[in-house]
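Following: one structure in structure tokens, then a few remarks.
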Amino acid sequence: MRLIALDIDGTLLDSRWQLPEANRAAIAAATERGIEVALVTGRRYDFALPIARQIGAPLTMIVSNGAVIRTHDGETHVRHLLARETAGRVLELTRAWRDCAGVVFDRRRENQIVLESINEDDPIRTAYYTRNREFLGLADPLESCLTEDPIQVMLSGNIAKMRDVEAALREAAFAAKFALAVTVYESRNFSMIDVINPLCSKGAALAEWAAMRGVAREEVLAIGDNRNDLEMLTFAGIPVVMGNGVAELKTFGWHETSSNDDGGVAAAIEHFALREATPCA
């Protein structure tokens, strides 16, 4: 085992978005043995960084569903942006869901996330707005923010609404010019769609990084729980699905560990990477 790839939300973090001590300790033990650990997430770099800092070990950051790869020293090694012309067409196609849309850029701090408006009364997004306030910017109309290529166009909302958005995007005449990373949280009736560079996915980025590092896929352990983890798990030599993972991921016969509230990440790392006898189906 030379490389461990970990999703964050629903995998590394528990259902209260806290980092279990068992997971932190298992990651630290793996890095001490010379195993590289990568956080592979749909989060932006600055939104994922506070989680990485809690772990206290050198981590590779594969963020924005594979659009950007940075090492623990902050150096950017890979960046695949979405063409701004394509982003503009996506915004036009999804105009009916404009209140659900935002554009994300690879910028140092201000205006990383650009919205057309902020609804402070939105119960779903309030916590996100609060945690990311220093990175937020406004543009009306939203298309006017496209002065450079963004990382992604993002849309979020209740599951039924996002299914309509996903269908519209997949049926678009220019669908070959982008890829979709879809995350669904059934228990919260909440879904996110990231429209990204067509070369991007968590799996494509993991494969690209493994090749750059001279790591064979058989030497990769990947752990995930949601739809946007599918390509990552497909690439990995040892794919592990969380006990709380979506049903779709449990149809492939992959290894299954316990839930994110029961130390599933720690159990999988101990079983597959640290040679412990911890049970993992």
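Below is a table of values for the structure above.
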quantity: Any hit, the stretch 178-193, residues being of a type in the set (D, E, K, R) and assigned by TED's automatic domain parsing to the domain that holds residue 99; calculated: yes
quantity: Residue within the stretch 91-100 that is modelled with pLDDT of 85 or more, outside any helix (DSSP H, G or I) and outside the structural domain of residue 75 (by TED's automatic domain parsing) present; calculated: yes
quantity: Residue match in the stretch 137-148 (condition: of a type in the set (S, T, N, Q) and surrounded by 13 or more Cβ atoms within 10 Å (Cβ to Cβ)); calculated: no
quantity: Where a residue in the stretch 253-268 is at positive phi and assigned by TED's automatic domain parsing to the domain that holds residue 243 and its partner, wherever it lies, is among the hydrophobic types (A, V, I, L, M, F, W, C) and outside any loop (DSSP other than H, G, I, E, B), with Cβ under 6 Å and at least six apart; calculated: 263/22
quantity: Flag for residue 3 being in contact (Cβ under 8 Å) with a residue 12 or more places away in the chain, over 25 Å from residue 180 (Cα atoms), among the aliphatic types (A, V, I, L, M) and surrounded by 21 or more Cβ atoms within 10 Å (Cβ to Cβ); calculated: yes
quantity: Failed item in (1) under 17 Å from the mean Cα position of the chain (by Cα); (2) modelled with pLDDT of 95 or more; (3) not in a loop (DSSP other than H, G, I, E, B), with residue 86 passing the rest; calculated: (1)
quantity: Only one of 54, 18 that is surrounded by fewer than 19 Cβ atoms within 10 Å (Cβ to Cβ), free of Cβ contacts under 8 Å to residues at least 40 places away in the same chain and in contact with a Leu (Cβ under 8 Å, 6 or more places away or on another chain); calculated: 54
quantity: Enumeration of residues in the stretch 119-145 that are assigned to a loop (DSSP other than H, G, I, E, B), hydrophobic (A, V, I, L, M, F, W, C) and under 23 Å from the mean Cα position of the chain (by Cα); calculated: 124
quantity: Residue match in the stretch 28-38 (condition: in a helix (DSSP H, G or I), polar (S, T, N, Q), in the same structural domain as residue 206 (by TED's automatic domain parsing) and under 30 Å from residue 171 (Cα atoms)); calculated: no
quantity: Filter pass, residue 25 being of a type outside the set (Val, Ile, Thr), buried (at least 22 other Cβ atoms within 10 Å of the Cβ) and not in a loop (DSSP other than H, G, I, E, B); calculated: no
quantity: Close pairs (7 angstrom Cβ cut-off, 6 or more residues apart or separate chains): assigned to a helix (DSSP H, G or I) in the stretch 163-174, of a type outside the set (A, V, I, L, M, F, W, C) and at pLDDT 95 or above anywhere; calculated: 165/94; 168/94
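The values are calculated or read from the model by the stated rules, or taken from the named source; none is laboratory data. Note that the coordinates shown come from a computational prediction; the quantities given were computed from them, not determined experimentally. Ideal geometry is used to build each Cβ from the backbone, glycine not excepted, and the neighbour counts take in all protein chains shown.
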